[in-house]
Structures are given as C-alpha cells and as structure tokens.
Amino acid sequence: MKKVMNRWVSPLLVIMAVVLLISGCGDNSKAASSGNGSEQEAKTLHISFNPGPYSDQFKNGVAPYLEKKGYKITYKEFTDGIQPNVAVAQGEIDANVFQHSLYLESINKREGINLIGAVQVPTPPMGLYSKKHKSLDEISDGAQVNLPNEPVNMLRALTILKEVGWITLKDNIDPLQTSLNDVTSNPHNIKFVPTEPAQGPQALQDVDFAAIQGNFAIANNIKLTTALKLENMTDPFTNIVAVDGKNKDKQFVKDIIEGYHSKEFKDYIKSNPDYEGYRLPAYFNE
C-alpha cells in the first residue's frame, strides 16, 4: 500500500506546485498592469480624433516623438462631439483632439465633466463656401445659408456673415447661448439652414452658401483656399488636446505637450503644403 501511495504522491505534488506557480504569476501580472504609475500603464496612450486633419498631424508629427520615449499608442475615431469627451472623463481614452476650448466648456457644463485643454494644435479656420456662386457679391434675396447648429460654432458662422456685411448681431453674445435670435438685421432675408457641423459639406450641394468648420472641410477634400471668406480665428477657437482635469500633471500629458512643442512637429507642419492657411499656435514662434 505504501508503494502505491508513493507512486502517486510525487506527481501530485508536482501538479500542485505548477498550479500554485501559475496562480502566483497571474496575481503579479495583474498588479503590474493595474497599479498606479506602473510602467505598462504609463507607456500606453489611448487617444481619439474626429474626422479632419488632427489625426494625420498627430500620427506624422507627434507620435514618432512619443514612440521614441517608449509609448505604445492606440487610436479611436468618433464622429460626434459628446462621446469622445465622455470617454475621456470615464477613463476609456486618455485624450482627444478635435475641438476648441469654448466648445469643450459647453460640453463640460452639459455632461457635468471636467476636461481641460492641454495644448493648442494647428487649426484650419471655418470658411464660407459655395458650389453655386463664385463671389460673395452674388448674395440674393432669400438665399439659403447652411451653418452649424451648435451655439459656439453658430456664433463663428454668424460672425463671418457679419464680417461680409450680410447681417448684424447683438453685442456681447454669450457663445454658449448663441441662437438665430441674436441676428438683429437680415437685409437679404437669408434663410438659415442649421445642421450638425459634420453635415456642412453635404449641405453645400443644396444651399447657396455654407459655413463649414475647417476640420470637416479638410475631411471632405474641400481646400481652404477655395473659401469665399475664412474666419479671423482667435485663440478660443483654436483647437486643443483635451484631457481629464485630474490628469493635468500626469507624465503622459507633459509628454504630449512636449511632442507638439518639439522641433520635429513644427518642421513637419511648416514643410507640408497641406497645412497652408492653418492658424498656428504661439509656440510655433518659440
């Protein structure tokens, strides 16, 4: 009987040892990947973009810089302005690139989140385009003009129309509350056609004029140089890299900022004719 038991004890001990070893390795692996400040967590960057030029800017001008620092980067694309911000707030992604600070402020209020702009990025301005007319002088009574239906971007579009002399606006308009009620005079009896911003390029086929955000123009192969009027873009409308406010001092945020400020990124933008007409952030002058 002892001989029979001895024949089985040794293999049994080996099996138990292997099970314990595997179990122990699993625990250590989990701790390494989920612990705060771990190398694996710190070197993986999840970032999202909306249609437009910002993905190419990052992949060609910033990602190589970050990859040299040891980052592995994953990418995700959204087509609206709500989901990518909520995803950052919930920790599903680390940063997004598609919006200006005033729009981000409106989403923060709407969704009860706290995202901030970490660094500005080269941004194509909004422009007034037409497939039916070659000049702004061809504005006719009752002309249809497409513009974004979001308050902040609607203000940008209305400001362009004001600058070309088609309308007048109230003073001191709240960008987060802008509406067509802020138009004080409309001598050409313009018929405004508000749509989701991304629909501007498609609406261009049907209306007389369309005020289209630069990123959506670029994404639809509409050259900035074909605009009948480009906006005089100011800082609040220059796009940013958005991150959760609680992460503002994290190393990955500092590294993203360094990537955009790097000589490599600046040289990439300045040497590429695709970025002609863009508003460049102040750090390009450093």
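The values are calculated or read from the model by the stated rules, or taken from the named source; none is laboratory data. All values derive from a computational prediction rather than experimental measurement. Reconstructed Cβ throughout: ideal geometry from the backbone, glycine too, with neighbour counts over all protein chains shown. Remember, those area values only see protein heavy atoms, side chains included, never the ligands or the DNA or RNA. Shrake-Rupley method; radii C 1.70, N 1.55, O 1.52, S 1.80 Å.
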Q. Largest first, what is the accessible-area ranking of ASP244, ASP137, ASP206 with a 1.4 Å probe?
A. ASP137, ASP206, ASP244
Q. For GLU258, what accessible area in Å² do you get when you roll a 1.4 Å probe over the heavy atoms of the protein chains, rounding to the nearest 10?
A. 80 Å²
(Q) I need the phi-derived Karplus couplings for region 88-93: 6.51 cos²θ - 1.76 cosθ + 1.60, θ = phi - 60°, integer Hz, Gly and Pro marked x. (A) 5, 4, 8, x, 6, 10
(Q) If the reach is capped at under 13 angstrom between alpha carbons, list the aspartates and glutamates near LYS132, excluding any in the same chain fewer than eight residues apart. (A) ASP206, ASP208
Q | Cα-Cα separations in the chain greater than 34 Å, expressed as whole percent | A | 34 percent
Q | Computed over the chain: relative contact order in percent, which uses C-alpha pairs under 8 Å that are six or more apart | A | 27 percent
Q: For LEU115, enumerate residues with amide H under 5 Å from its amide H, sequence gap 5+ or separate chain, H modeled in the peptide plane.
A: GLY245
Q: Could you check how much of the accessible area of the chain is carbon and sulfur, as a whole percent, using a 1.4 Å probe?
A: 51 percent
Q. Under DSSP H, which helices of the chain have Cα atoms covering 24 Å or more of the helix axis and a Kyte-Doolittle average no less than -1.0?
A. 2-34
Q | Per-residue [θ]222 nm for the chain (sum of -39500 (n - 2.57) over DSSP H runs n ≥ 4, rounded to 500) | A | -11000 deg cm²/dmol
**Q.** Rounded to 5, the percent of DSSP beta bridges in region 100-246 classed as antiparallel
**A.** 65 percent
Q.
Run the reach check for LYS270 against aspartates and glutamates, Cα to Cα strictly under 19 Å, same-chain hits fewer than 8 apart removed. What comes back?
A. ASP56, GLU258, GLU286
Q.
Students often get this wrong, so check it: of LYS170/LYS229; LYS68/LYS246; LYS109/LYS162; LYS134/LYS223, which have C-alpha atoms separated by over 19 Å?
A. LYS170/LYS229; LYS68/LYS246; LYS109/LYS162
Q. So what is the relative contact order of region 58-134, in percent, for Cα pairs below 8 Å that sit 6 or more residues apart?
A. 20 percent
Q: Roll a 1.4 Å probe over the protein chains and send me the accessible area per residue for the chain in Å².
A: 53 Å²
Q | Linear extension gain, LYS248 paired with ILE173, 0.36 nm per residue minus alpha-carbon span | A | 24.0 nm
Q. What residue among PRO187, PRO124, PRO151 shows peak mean-square fluctuation when the chain is described by a Gaussian network model with Cα springs under 10 Å?
A. PRO187
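Do any trypsin sites (Lys or Arg not before Pro) in region 120-164 lie in a loop, going by DSSP, with at most 15 other beta-carbon atoms within 10 Å of their beta carbon, and if so which? Could the numbers behind the result be given before it?
On the way: sites: LYS131, LYS132, LYS134, ARG156, LYS162; in loops: LYS131, LYS132, LYS134.
Here the sparse-neighbourhood loop sites are LYS131, LYS132, LYS134.
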